[in-house]
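In what follows, a structure is listed as structure tokens, so that the remarks can point back to it.
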Amino acid sequence: MPTASRPPAPPVAPGRLPLIGHALALWRRPLEFLDSLTAYDPIVATHLGPKPSYVLTGPDLVHRVLVTEAANYAKGRSFDKLRPYLGNGLATSEGAFHLRQRRLVQPAFHHQQIAHYVDTMARLAAERADSWRPGQVVDVTRQMLELSLAIVTSTLFSTSLDASAAAEIRHAMPVVLHGMYTRVLDPTNLWHRLPTPGNRRLADAHDRLRRAIDHLIHADRADRADRASGRPDLLSMLLQARDADSGEAMTDRQLHDELITLLVAGTETAAGGLAWLFHELGRHPHLDRRLHQELHDHAVLPLTADQLPRLGHTRRVVDEALRMRNPGGITIRRAITDVELGGYRFREGTEFIFSALVLHRNPRHFPHPLRFDPDRWLPDRPPAPRGAFVPFGAGHHLCIGESFARTEMLTVAATVASRWRLTPAPGARVRGVMTSTNHPDNLLMTVEPRPAPD
Ligand code: HEM
């Protein structure tokens, strides 16, 4: 039953076309389309397939769906389409199995463990920054994608990653990421079955990725004894993980699914966040100068984990990039029972969408939402209400890589910015692109040596 003050159904997003609804808008101009939804609070209907899906724009509703009433919801249909690629890894599994896996994987993301990864992150960022020359124009999104992939693979597989396996993974990953997204968006579910060149490339890349990961698992199991005394990487921690009740280790199949999930979930997201961060610093020279001053005053290269807490402004720049330019994609949940949200009733099977980008640009919670203002995160400012700032989701599917990603963004931003100032290349028109993540396209920036701070 609708409440007395509400019409019987939520408003419908503008621009709905006969038959295809909003699918074209989401496909062609996803960022603009999502931005247009911030005007509807707390819920708005979109038509992407035969039935409406409801975008939750109110933080309170998001919190209910993801946290307090999460038992009424499961992951949506799009996750079924990801299963051929991600198997039954954390991102696609549910219920007791998901909980068990989550407990097994969690120690690899413990903050002490992440502190160990900082050395690798700082080294790889420094190598990348050192490869640039003064005056060079770089495609920052591409650079960050390569760097982020190198960071995830090196922290995941550091001890056993030989050059050819690394190359296989680095070549195959972008093809798999792109192909997965196209498949999720395909309303016909037929396109991916056609023998098109794109589908053949995807099948080939997926096959190579699978084989490279299996090779690593077997190599790693074989020489584990040699490494028992060394610092554990993520793969060796997953190999050692034991279920608290049964004492069982993960099977190779399960390990495979978790590794591919971590690679897919942890690469483009962090890269997109970093690319947007450099874009914003390039547009705001005073924030860039403050960041450099802070690094000059408080950081000694190469960065180590104990230095990161001193970098308050840099951390706020990361938070502001995660807010205004949230690199995550959209998240979908399906009601598994009849539910009530925002005064409306919905039948079992209804799908709900939430986009951190929409929530983060709500002027009610973030005044002047399109202003890039890291100071809004100063400790004396009022905090955003619960559910309003959710770059990493919430509840039992909260991003397991949250601290990893924040640490990576902070370490890379600090390492690169202490060497170079990145300024927008003349004439380059940057465009936001939303595939499975939100990232800038054509982000061409000129690399300039840093003058010493005043
Ligand atoms: C800025 C970077 C990142 C953003 C914005 C981000 C965002 C998210 C979000 C919103 C979810 C929840 C999805 C849902 O509820 O359906 C999620 C889940 C997940 N993320 Fe991240 N992520 C980032 C980086 C990473 C990294 C670096 C890793 C791993 C190395 C990672 C691994 C995962 C995994 C495994 C899940 C599934 C967790 C579960 O369902 O239990 N993410 N991420």
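The values are calculated or read from the model by the stated rules, or taken from the named source; none is laboratory data. None of the values given here were measured: they were computed from a predicted structure. Positions of Cβ are generated from backbone atoms using ideal geometry, with glycine treated the same way; all protein chains shown enter the neighbour counts.
Quick notes
- Exclusive hit being modelled with pLDDT of 95 or more and more than 13 Å from the ligand (Cβ to nearest atom), set His256, His279: His279
- Residue that is nearest to the chain's Cα centre (by Cα), among those in the stretch 431-454 that are surrounded by fewer than 20 Cβ atoms within 10 Å (Cβ to Cβ) and in a loop (DSSP other than H, G, I, E, B): Thr435
- Residue check: Glu351 meets all listed conditions (1) under 20 Å from the mean Cα position of the chain (by Cα); (2) within 16 Å of the ligand (Cβ to nearest atom) but one, namely (1).
- Any chance Ala70 is surrounded by fewer than 17 Cβ atoms within 10 Å (Cβ to Cβ) and aliphatic (A, V, I, L, M): yes
- Matching residues in the stretch 85-104 - criterion: being in a helix (DSSP H, G or I), more than 19 Å from Gly329 (Cβ to Cβ) and either more than 11 Å from the ligand (Cβ to nearest atom) or among the aromatic types (Phe, Trp, Tyr) (or both): Gly95, Ala96, Phe97, Arg100, Leu104
- Evaluation of Gly230 against the conditions (1) part of a helix (DSSP H, G or I); (2) at pLDDT below 95 shows that the sole unmet condition is (1).
- Pairs meeting the criteria (first residue in the stretch 92-105 and touching a residue at least 12 places away in the same chain (Cβ under 8 Å), second residue of a type in the set (Phe, Trp, Tyr), beta carbons under 8 Å, at least 6 apart or on different chains) are Thr92/Phe79.
- Close pairs (6 angstrom Cβ cut-off, 6 or more residues apart or separate chains): more than 13 Å from Thr407 (Cα to Cα) in the stretch 295-311, assigned to a loop (DSSP other than H, G, I, E, B) anywhere: His296/Pro453
- Only one entry of Ala167, Ala172, Ala150 meets the criterion of being surrounded by fewer than 16 Cβ atoms within 10 Å (Cβ to Cβ) and either acidic (Asp, Glu) or within 27 Å of Arg208 (Cβ to Cβ) (or both), and that entry is Ala167.
- Selected residue (criterion: nearest to the ligand (Cβ to nearest atom)) from residues of the stretch 133-145 that are surrounded by fewer than 17 Cβ atoms within 10 Å (Cβ to Cβ) and not in a strand (DSSP E or B): Arg142
- Considering only residues in the stretch 314-348 that are of a type in the set (Lys, Arg) and touching a strand residue (DSSP E or B) at 6+ places or on another chain (Cβ under 8 Å), the one that is farthest from the ligand (Cβ to nearest atom) turns out to be Arg345.
- The one condition in (1) at pLDDT below 90; (2) more than 12 Å from the ligand (Cβ to nearest atom); (3) surrounded by fewer than 21 Cβ atoms within 10 Å (Cβ to Cβ); (4) not in a loop (DSSP other than H, G, I, E, B) that Leu82 fails to fulfil: (2)
- Residue in the stretch 390-422 that is surrounded by the fewest Cβ atoms within 10 Å (Cβ to Cβ), counting only those that are assigned to a helix (DSSP H, G or I) and near the ligand (Cβ under 6 Å from one of its atoms): His397
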